[in-house]
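Right, one structure below, let's go through it.
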Amino acid sequence: MTLTEKFFDKLGIIMKNPELKERIAFTLLMFLVARIGTFIPAPGVDIGRLEAMSETSDILGYINMFTGGAFKRISIFSLGIAPYINASIVFSLLSVIIPRIEEIQKEGESGRDRIASWTRYLTIVIAMVQSFATCAWLQSVGLVTGRSEVAFFVTTIITLTAGTIFMMWVGEQISIHGIGNGVSLLIFLNVISGGPGNIVQLIQGMRHSKFLIPAIIAIAIAGTLVVMGIVIFQHGQRKIPIHYVGKGYGRTGGVGDKSYIPLKLNSAGVMPVIFASVAMIVVSALSRVFPRFLEMIFRIFSGAIEAAYKWKYGAEEILDKAELMNKINVIIQRLLAANGIGYMVIFAVIIVFFSFFYTAIVFDPEKVADNLKQGGGTIPGIRPGSETVDYLEGVVTRITWGGAFFLAAISILPAAIFTALKLPVFFGGTGIIIVVGVAIDTVQQINAHLVMRDYKGFI
């Protein structure tokens, strides 16, 4: 049986599973709703000029990738699901800092529901703040048309905040009634929605070049290799052998059964990349307001700055504040420009941080060691209790380093290569990791539904 025949055979099996078929249909319906919303613009904005600015701005292009092009149209879904992700990051950090929140999370379903409610409320606050910042930016660049300032701010803040709340609801509905993680699937949808446009842009930009076909072939090969690497690494495991004593199943007296603990090389999945991407949007936005912050610092400490300058260069020298501020601003913009060295280094560091942070959330060595002890399981050569905890922590730390560096490398290498060759960045590692990672997780959930109905997995 060929690969195509196997694929359609699995599709036929899915169609015979009523529950799974309904879940997939519901997910696709929510996808349609999410995409329609990206084409409904908020009133009072010069959309044409904004789209032209998005074509030349790195940060606007990055935001558009995560919103599926909604931001360049200032649609009702312009903020996307980013405020909800930010709120989730905040509570994840607070659970480590504040023991009470961690205790609430361990209370079971009721505790998780309380944290989820708080996350929703914080999402609304963050969405309102981001909506206000968006309105202020639109007004500062002269994109507001034919409306009073107060009316524009009020209606746009309400519209964008409501759009974020609706997107949050759609994501939760997909997680409950659909298939896969709703938030991750919405980001997946937004990322892949820009794929056809990027291909058309590539063909149009190089249609008169003799290197068009070789470029397409090279990009296709590179993309395939990256996808294969991500799939292999996502499925990679470190198996820790476990011996269960006294169960009565073994042929040798002491050992009753053998098993293992499968530790994934990348336990955090795509979440570190998603968290880091949202964080970099904030960093890039802050770099845009840095000149105003610098001007405020100069105004407050102008006397001390001038005195230090004259002490170093002589009393006759006069400090040109405007020139100095301009030089500092240029340096900051170059360092934090998308696909710049500083940007890539910061992005990689944040990915590594969130890889360890998220792994610490999803894997608890103490709990695993306690479960082993209660079940009569031991790791060969390792004593139960604290020694097992230390061993598991050491193994997880070592493999997390590998997973973190892999995610960071895949996220920045494509852009670094394109930039070094002085070519436009046709595809980024961030989008590929998100698309492949979410696709793998969704297929695994489909497999779980099929296995529960005594079918073989999708792949």
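A few notes on this one:
- For the residue pairs LYS264/LYS373; LYS72/LYS106; LYS6/LYS106; LYS106/LYS239; LYS16/LYS239; LYS106/LYS264, alpha carbon separations beyond 32 Å are given by LYS72/LYS106; LYS6/LYS106; LYS16/LYS239.
- Placing a pseudo-label 7 Å from each Cα along the Cα-to-Cβ vector at LEU265 and ALA25 gives an inter-label distance of 4.1 nm.
- In nm, spacing of pseudo-spin labels at VAL200 and MET53 (7 Å Cα→C-beta vector): 2.4
- Take every pair of alpha-carbon atoms less than 8 Å apart whose residues are at least six positions apart; their mean separation over the length of the stretch 14-193 yields a relative contact order of 32 percent.
- Residues whose amide H lies under 5 Å from that of TYR260, counting only those 5 or more places away or on a different chain, are ILE242; hydrogens are built 1.01 Å from N in the peptide plane.
- A straight chain from ASP390 to VAL443 at 0.36 nm per residue would run longer than the Cα-Cα distance by 15.7 nm.
- The stretch 368-389-the stretch 99-120 distance, computed between alpha-carbon centres (Å): 28
- Whole-Hz ³J(HN,Hα) from phi, Karplus 6.51 cos²θ - 1.76 cosθ + 1.60, for the stretch 348-357, glycine and proline x: 5, 5, 5, 4, 4, 4, 5, 4, 5, 4
- The peptide list 355-362, 31-38, put in order of mean Cβ contacts within 10 Å with the highest first, becomes 355-362, 31-38.
- As a length-normalised measure over Cα pairs under 8 Å and 6 or more apart, the relative contact order of the stretch 60-138 settles at 25 percent.
- Under the Karplus curve 6.51 cos²θ - 1.76 cosθ + 1.60, θ = phi - 60°, whole-Hz ³J(HN,Hα) for the stretch 168-185, x wherever Gly or Pro sits: 4, 5, 4, x, 5, 5, 5, 5, 7, 9, x, 10, x, 7, x, 5, 5, 5
- Amide H contacts of ILE179 (H built 1.01 Å from N, under 5 Å, at least 5 apart or other chain): THR27
- Local electrostatic count at THR38 - Lys and Arg +1, Asp and Glu -1, tallied over other residues with Cβ under 11 Å: +3
- Residues whose amide H lies under 5 Å from that of VAL45, counting only those 5 or more places away or on a different chain, are THR145; hydrogens are built 1.01 Å from N in the peptide plane.
- Multiplying the residue separation of ARG100 and ILE341 by 0.36 nm and removing their Cα-Cα distance gives an extension gain of 82.7 nm.
- Using θ = phi - 60° and Karplus 6.51 cos²θ - 1.76 cosθ + 1.60, couplings along the stretch 237-243 (whole Hz; Gly, Pro as x): 9, 10, 8, 9, x, 10, 10
- In plain terms, if you count all Cα to Cα distances in the stretch 14-193 and split them into 5 Å steps from zero, the share in each step is 1, 8, 15, 18, 17, 14, 11, 8, 5, 2, 1, 0 percent.
Laboratory data are not the source of any read-out in this text; all were calculated from the coordinates shown. Because the structure is predicted, anything quoted here is derived from the model rather than measured. Positions of Cβ are backbone-derived with ideal geometry, glycine not excepted, and every protein chain shown enters the neighbour counts.
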